[in-house]
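Derivation of every value follows stated rules applied to the coordinates shown; laboratory data play no part. Treat the numbers as computed from the prediction; the structure is a model and nothing was measured. Reconstructed Cβ throughout: ideal geometry from the backbone, glycine too, with neighbour counts over all protein chains shown.
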Amino acid sequence: MKSIKTIILVFSALIATQCQEEKDPNFLITSNSIGKLEKESLARDLELIYANDSLVMDTVKLNFGAGASKIKVYDKGGSHLLTLTPNSDSIPTVQNVLINDSRFATSNGITINSTFKDIKEKFKIRKIITSINNVVVLLKDSDIYFTIDKEELPASLRYSANTSVEEVQIPDAAKIKYMMVGWD
C-alpha cells in the first residue's frame, strides 16, 4: 500500500512539473512568431489577430491612406503588449516589433526583464553596434535584438558615439532597454 502511495505521489509531482514548464503560446517568441503574430501576417489582418485586444493607430496617417506608422497593441486590461511597425510594401506585413510586456519570452526564458548576462548565456552574440545613447546587441541566427542604455556601461564608454563597445565591456547586470524583433 505504501508503494502505491509513493508511485501516485511521484506521478503527481511529475505532472505538476510538466504543467509549470509549458509556456503560454500567446506570449512565446519564436523565429516565426511573437505570440499570436506570425512573421507572414499581413498588416491589414491585425484587427483579426488581435480581436480580443485593443489596437491604437496613428489616425492622421490612416485618413490620408498612408497606413499606420506604428501600431500599439494593448490587452483588455490596458497593458501595453507590443508596438508594431509595418513595412511599406504594396501588401504590408509587420517589419519590426517592440516587446513592451514582460510576459513575452523566448523558448529559453529571455524577456525584457533579463540582463546582459542572461542574453550571453542563452544566445550567441553576432555584433554590438554603438550609437550616441545606446548599444544594440545583435544575435546570431535570430531576428531578436536588444538595446542597452549606455548608462548601464562603465563611465569611460558612455560619452562617445565613436567608441566601439565589445561584449566583455558590457556588465553582466546591464538591463535591457528595448527587446525587438526585426523581420525582413
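With θ taken as phi - 60° and the Karplus curve 6.51 cos²θ - 1.76 cosθ + 1.60 applied, the whole-hertz 3J(HN,Hα) list for the range 174-184 is 4, 8, 7, 8, 9, 10, 10, 10, x, 9, 7 Hz, x standing for glycine and proline. In this simple spin-label approximation, Ala173 and Ile132 carry label points 7 Å from Cα along the Cα→Cβ vector, and these lie 2.9 nm apart. Bridgeable aspartates and glutamates around Lys177 (alpha carbons under 19 Å apart, same-chain partners fewer than 8 residues away excluded): Asp101, Asp118, Glu121, Asp143, Asp149, Glu151, Glu152, Glu166, Glu167.
Taking the DSSP beta bridges in the range 25-106 as the whole, what percent of them are antiparallel, to the nearest 5?
Working: 17 of 19 bridges.
Around 90 percent antiparallel, to the nearest 5.
For the pair Asp75 and Lys117, label points projected 7 Å from Cα toward Cβ lie 2.8 nm apart. Taken one residue at a time, the phi angles of the range 80-92 give Karplus couplings (6.51, -1.76, 1.60, θ = phi - 60°) of 6, 8, 9, 10, 9, 10, x, 7, 9, 5, 5, 10, x Hz. Gly and Pro are set to x. Remark: the range 110-123, residue by residue, has Karplus-estimated 3J(HN,Hα) of 7, 10, 5, 8, 6, 10, 4, 4, 4, 5, 4, 6, 9, 10 Hz, where x stands for each Gly or Pro and the curve is 6.51 cos²θ - 1.76 cosθ + 1.60 at θ = phi - 60°.
Based on the Cβ-Cβ distance from Asp89 to Asn52, what FRET efficiency comes out when R0 is 35 Å, to the nearest 0.05? Intermediate results must be reported in sequence, preceding the final value.
Details: r = 27 Å, r/R0 = 0.78.
Between Asp89 and Asn52 the formula returns 0.80.
Once the Kirkwood radius over Cα pairs is known for the range 108-184, the Stokes-Einstein relation at 10 °C and 1.306 mPa s delivers a diffusion coefficient of 127 µm²/s.
The smallest convex shape that holds all Cα atoms of the range 25-106, its convex hull, gives 87 Å³ per residue.
Filter Lys39/Lys76; Lys76/Lys124; Lys76/Lys127; Lys76/Lys120; Lys39/Lys124 down to the pairs with a C-alpha to C-alpha distance above 32 Å, please.
Working: Lys39/Lys76 24 Å; Lys76/Lys124 36 Å; Lys76/Lys127 37 Å; Lys76/Lys120 34 Å; Lys39/Lys124 22 Å.
Among Lys39/Lys76; Lys76/Lys124; Lys76/Lys127; Lys76/Lys120; Lys39/Lys124, the Cα-Cα distance tops 32 Å for Lys76/Lys124; Lys76/Lys127; Lys76/Lys120.
For Asp58, the residues whose modelled amide H falls within less than 5 Å of its own, excluding neighbours fewer than 5 places apart on the same chain, are Ser69, Lys70.
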